[in-house]
Amino acid sequence: MKGFIKDIRERFTRLNKNQRIILLATAFLIVLNFIILILGIDIIFRVLEKIG
């Protein structure tokens, strides 16, 4: 696990500034999408409970 994190850090530091920004923005959007997905599923289940 330690080597895996070190490898990611080495690859990240080799990228130029624009590539780093794009990578961080992509990771942020992926996390945001998961949060929206989880909230959406929660809302759907609440609506189904009220209907049923």
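Computed quantities for the displayed model
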{"read-out": "Helix axis angle, 17-51 relative to the chain longest principal axis, alpha carbon, degrees", "value": "10"}
{"read-out": "Proximal aspartates and glutamates relative to Lys2, as straight alpha-carbon distance under 18 Å, when same-chain residues fewer than 8 apart are discounted", "value": "Glu10"}
{"read-out": "Helix-only [θ]222 nm of the chain, DSSP H runs n ≥ 4, -39500 (n - 2.57) each, per residue, nearest 500", "value": "-32500 deg cm²/dmol"}
{"read-out": "Rounded tilt (10° steps) of 2-14 against the dominant C-alpha axis of the chain", "value": "70"}
{"read-out": "Carbon/sulfur fraction of accessible area - the chain, other protein chains in place, 1.4 Å, %", "value": "71"}
{"read-out": "Å² per residue, accessible surface of the chain at 1.4 Å", "value": "101"}
{"read-out": "Option label - P(r) over Cα pairs in 5 Å bins from 0, in percent computed here, alternatives (1) 4, 22, 24, 19, 14, 9, 5, 2, 1; (2) 4, 18, 12, 12, 10, 10, 9, 8, 7, 5, 3, 1; (3) 4, 17, 13, 13, 14, 9, 9, 7, 6, 5, 2", "value": "(3)"}
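The values are calculated or read from the model by the stated rules, or taken from the named source; none is laboratory data. Since this is a predicted model, take the numbers as computed values, not measurements. Accessible surface areas use protein heavy atoms only, side chains included; no ligands, DNA or RNA. Shrake-Rupley method; radii C 1.70, N 1.55, O 1.52, S 1.80 Å.
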